[in-house]
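Read through the structure below, which is laid out as structure tokens, and then see the notes.
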Amino acid sequence: MTRNNSPSKTRDLIVTRVFDAPIELVWKAWTDPEYVMRWWGPDYFTSPSAKMDFREGGTSLVCMRAPKEFGGQDMYSTWVYQKIVPLERIEFIQNLADEDGNLVDPLTLGLPPEFPLDVRTVVTFKDLGNKRTEMTVTEYGLPTADTELGRNAELGLNQSIDKMAAIFANT
């Protein structure tokens, strides 16, 4: 999918968290569909499905459902895995999709032209010992924080990671 629009300012969104959880559990949050469905999406959104094909070259299809007061619609994303280093690194490309995993141009969903395609995402894991893990998520080429889209991307990622942290706090 290509889009012919004027270039806008972008940035790399980087979020690092330290969890009181062993690295194997933090890794599982990205690789096990039951875990992904518990944290994928910002506050008040749910994830009714996560079809995981977790291998280099594989594609996962994750669904995020808006709360009723925001329309209740399902929004799908694909994660196409580029590189996987067990318990160290996951690299994938994110795109919006339909329920069958076909890529969807964000413009057709009413999203602004600066909504990015092919978002390169890198998740790294570092075992800090004593069942503590540092995780860093980097999403490349997102709109800058001075735009509504850029602010919402950062807020959504942080809220999703907060939901992930809550899983670890309850295990």
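The values are calculated or read from the model by the stated rules, or taken from the named source; none is laboratory data. None of the values given here were measured: they were computed from a predicted structure. Every residue, glycine among them, receives a Cβ derived from its backbone with ideal geometry; neighbour counts consider all protein chains shown. Ligands, DNA and RNA are excluded from the accessible area calculation, which covers all protein heavy atoms including side chains. Shrake-Rupley method; radii C 1.70, N 1.55, O 1.52, S 1.80 Å.
Close Cβ contacts (under 6 Å, 6 or more residues apart or on different chains) running from residues in the range 20-46 that are of a type in the set (Ser, Thr, Tyr) to residues that are open to solvent by less than 40 Å² (accessible area, probe 1.4 Å) and in a helix (DSSP H, G or I) comprise TYR35/ALA29.
Among the residues of the range 11-21, those identified as in contact with a Lys or Arg (Cβ under 7 Å, 6 or more places away or on another chain) and surrounded by fewer than 19 Cβ atoms within 10 Å (Cβ to Cβ) are VAL18, ASP20. You will find that of THR78, THR136, THR108, the residue that is part of a strand (DSSP E or B), free of Cβ contacts under 8 Å to residues at least 60 places away in the same chain and at negative phi is THR78 and no other.
Of the candidates LEU142, LEU155, the single residue that is touching a residue at least 60 places away in the same chain (Cβ under 8 Å) and open to solvent by 30 Å² or more (accessible area, probe 1.4 Å) is LEU155. Looking across the range 104-157, just one residue is within 29 Å of THR171 (Cα to Cα) and of a type in the set (Phe, Trp, Tyr), and that is PHE125.
Checked against (1) free of Cβ contacts under 8 Å to residues at least 24 places away in the same chain; (2) out of contact with any Ser or Thr (no Cβ under 6 Å at 6 or more places or on another chain), MET52 meets all criteria but (2). Step by step: first the residues of the range 31-80, then only those that are open to solvent by less than 10 Å² (accessible area, probe 1.4 Å) and out of contact with any Lys or Arg (no Cβ under 9 Å at 6 or more places or on another chain), then the one that is farthest from ILE161 (Cα to Cα). Which residue is that? Among those that are open to solvent by less than 10 Å² (accessible area, probe 1.4 Å) and out of contact with any Lys or Arg (no Cβ under 9 Å at 6 or more places or on another chain), it is GLY58.
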